[in-house]
1. Of the residues that make up segment 154-168, is at least one part of a helix (DSSP H, G or I) and either touching a residue at least 60 places away in the same chain (Cβ under 8 Å) or touching a helix residue (DSSP H, G or I) at 6+ places or on another chain (Cβ under 7 Å) (or both)?
2. Could you tell me whether segment 430-441 includes any residue that is more than 24 Å from TYR272 (Cβ to Cβ), assigned to a helix (DSSP H, G or I), touching a strand residue (DSSP E or B) at 6+ places or on another chain (Cβ under 8 Å) and open to solvent by 10 Å² or more (accessible area, probe 1.4 Å)?
3. Report, by residue number, each residue of segment 375-404 that is open to solvent by less than 50 Å² (accessible area, probe 1.4 Å), in a loop (DSSP other than H, G, I, E, B) and of a type in the set (A, V, I, L, M, F, W, C).
4. In the set VAL316, VAL322, VAL269, which member is in contact with a Gly (Cβ under 7 Å, 6 or more places away or on another chain) and among the β-branched types (Val, Ile, Thr)?
5. Of everything in segment 208-237, what is of a type outside the set (A, V, I, L, M, F, W, C), surrounded by fewer than 21 Cβ atoms within 10 Å (Cβ to Cβ) and part of a strand (DSSP E or B)? Give them in sequence order.
6. Taking PRO190, is it outside any strand (DSSP E or B), closer than 22 Å to SER19 by Cα and not hydroxyl-bearing (Ser, Thr, Tyr)?
7. Would you please list the contacts, defined by Cβ atoms under 7 Å and residues six or more apart or on different chains, that run from a residue in segment 313-325 that is at negative phi to a residue that is of a type in the set (Val, Ile, Thr) and at pLDDT 95 or above?
Amino acid sequence: MSDIEEFDAVVVGSGFGGSIPAFHLARGGASVLVLERGPRLSADEFDQSLRFGSSSTRIFDFTAGDGMSVLAGNCVGGGSVVYFAAMPRAPQFVFDRTGAAGQRLWPDEVDRGSLDPWYDRVAEALPISTHDWDEVSKPGGLWAAICDHGGRTANPLPSAVDTSRCTSCNWMMSGCVEDAKRSLLTNYIPAAEEHGAQIRPLHEVQTVERAPDGGYVVSYSLVDPVDYRLTTGHGKVRARVVVLAAGAAATPVILQRSEPLLGTMPDAVGKYFSGNGERINVAVIDEDAVRDLLPEGATAGDRPYGAFQVGRGPVVATWDRVDGSLPEHERFAIEQLYFPPGLGTILAQARTADGLPGWFGLEKKELLHRWRNWMMLFELVEDDNEGEFGAPPPSGNAVRLSQQLLGRGTLRYRPHASTVAAWRRADETIKELIEKPGLGTVDPWTNDLVGAYTVHPLGSCRIGADPASSALDHTHELRGHEGIFVTDGSAVPTALTVNPSNTIAALAERAVPFVIDRLVQRGADVAYEAELPTRRPVPA
């Protein structure tokens, strides 16, 4: 193996779970290689278009499973490049959840209090801020007015957006052309590279195997930059430790495929997948009905709303049901959301003449005609971690069906009655706020085509106290496989009732000292410096 490159650490994936450890390891003196399956794009390469080959198809990975589909980032920066930058912290009750198991699912060492210092570090590094009401986009302001009219409270979401740079173009899912969104491309990644970390895009990791010296050999394929179904070569690298952060729909698949090389995996690998309890409703707002809800001067001509396409994703949420005094599965948040045309227009259901939902026909055409009056409402409920991955495909995390974007995965998801009931409660709340007072009509996205869906996959390789139901111990190390760590959304044990990026990032920050301790034990000259990326000005 003398011809194989050697590193102290190989990090698989460059989202929050990968870039944060990569920075700290490199800052502490370790040699670090980051392998990223997707391409690398900068702000001037992001494209406000849905055409093939634009950033909209290049930096996403849509994996259709059996009963659940997952939309995730596929680029350097991972989910941070395609997310809406909503960064709330998980409420305390989340860490006390027991679910169907009847016992606490999180490790004893992790709760909201112990995680707050790590949340604080992320907030400083990105940075994160809670915006004022005068910075809230019109759809968010209308959602706040609707909540107030219905006797509910509403709050601006903390986010990692520089509103002084944001143009409210609402294309931030395809990458922010203004660099207003504080993705990892503006902080942890350049800081990691300044300290010597190497980041190699279009490298798809296939397996991890043990090396004779006790380290690991990571095998990868080189992905064609246009047709992701094709490979242009293969390679291997060796490392003292491996940090897996390929995402909750890919990390467990890599470990499943590696089992013949590594030995028996913990039983929880590839099980207990959570879609973060997510569900989308589409409301079509009645202009006349909401006219009096908005403050004077907020309307434009005869249209008090008609502004679905203007904004920057979710900026306002109602958290009245994010209440630890309520039983599990009765706690949820509802956010105003923007989901760009494409998948959203396909999955939006229209009310048919007989009152039934439908996603095809004349009623659907009328629904699409009124798209400027849409308001998407994003439910985040407590699910039951019902997903499970089948046998891994020959390569990658899915069988790719198109040149870019689309694949067929092995995830099987059958929501329990408790999850379905939680969705129903959230649906009823939205109807109570919008349909009951006559402010518009509401229907959920259809599950008929792609099953349930999530943009925040979690839990498929989770931390926990019980070895029987968790793949990782509280340090994020894979049980029975010293030197392999998992630091992405796979490690999050439960749905959070809020957007999970901040929690994934905080857990990754928390995991770094444990990874460094293991590296030191394995002979690496590395130390935990506890510093954060130096904030750098972004060119105008």
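1. Taking segment 154-168 first, the residues part of a helix (DSSP H, G or I) are none.
Checked against the condition, which is being part of a helix (DSSP H, G or I) and either touching a residue at least 60 places away in the same chain (Cβ under 8 Å) or touching a helix residue (DSSP H, G or I) at 6+ places or on another chain (Cβ under 7 Å) (or both), segment 154-168 yields no hits at all.
2. Residues of segment 430-441 more than 24 Å from TYR272 (Cβ to Cβ): 430-441.
Okay, now just the ones that are also assigned to a helix (DSSP H, G or I), so 430-434.
Filter again for touching a strand residue (DSSP E or B) at 6+ places or on another chain (Cβ under 8 Å), leaving 430-431, 434.
With the extra rule that they be open to solvent by 10 Å² or more (accessible area, probe 1.4 Å), the set shrinks to 431.
Yes; the residues of segment 430-441 include at least one that is more than 24 Å from TYR272 (Cβ to Cβ), assigned to a helix (DSSP H, G or I), touching a strand residue (DSSP E or B) at 6+ places or on another chain (Cβ under 8 Å) and open to solvent by 10 Å² or more (accessible area, probe 1.4 Å).
3. Here is the first cut: in segment 375-404, the residues open to solvent by less than 50 Å² (accessible area, probe 1.4 Å) are 375-387, 389-390, 392-393, 396-398, 400, 402, 404.
Restricting the remaining residues to those that are in a loop (DSSP other than H, G, I, E, B) gives 382-386, 390, 392-393, 396-398, 402, 404.
Selection gives ALA398 alone.
4. On the way: VAL322 fails: in contact with a Gly (Cβ under 7 Å, 6 or more places away or on another chain); VAL269 fails: in contact with a Gly (Cβ under 7 Å, 6 or more places away or on another chain).
The match here is VAL316.
5. Result: GLU209, ARG210, SER219, SER221, THR231, THR232, GLY233, HIS234, GLY235, LYS236.
6. On the way: outside any strand (DSSP E or B): yes; closer than 22 Å to SER19 by Cα: yes; not hydroxyl-bearing (Ser, Thr, Tyr): yes.
Yes, satisfied.
7. Cβ pairs passing all conditions: ALA317/ILE334; THR318/THR153; THR318/ILE334; ASP320/THR153; VAL322/THR497.
Residue-wise test of (1) part of a helix (DSSP H, G or I); (2) on the phi > 0 side of the Ramachandran plot; (3) aliphatic (A, V, I, L, M).
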| residue | (1), (2), (3) |
| --- | --- |
| VAL94 | yes, no, yes |
| GLN103 | no, no, no |
| PRO107 | no, no, no |
| VAL110 | no, no, yes |
| SER114 | yes, no, no |
| ASP134 | yes, no, no |
| GLY140 | yes, no, no |
| ARG152 | no, no, no |
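The values are calculated or read from the model by the stated rules, or taken from the named source; none is laboratory data. Since the model is a prediction, treat every value here as computed from it, not as a measurement. Every residue, glycine as well, gets a Cβ built from its backbone with ideal geometry; the counts of neighbours run over all protein chains shown. Surface accessibility is based on the protein's heavy atoms, side chains included, excluding ligands, DNA and RNA. Shrake-Rupley method; radii C 1.70, N 1.55, O 1.52, S 1.80 Å.
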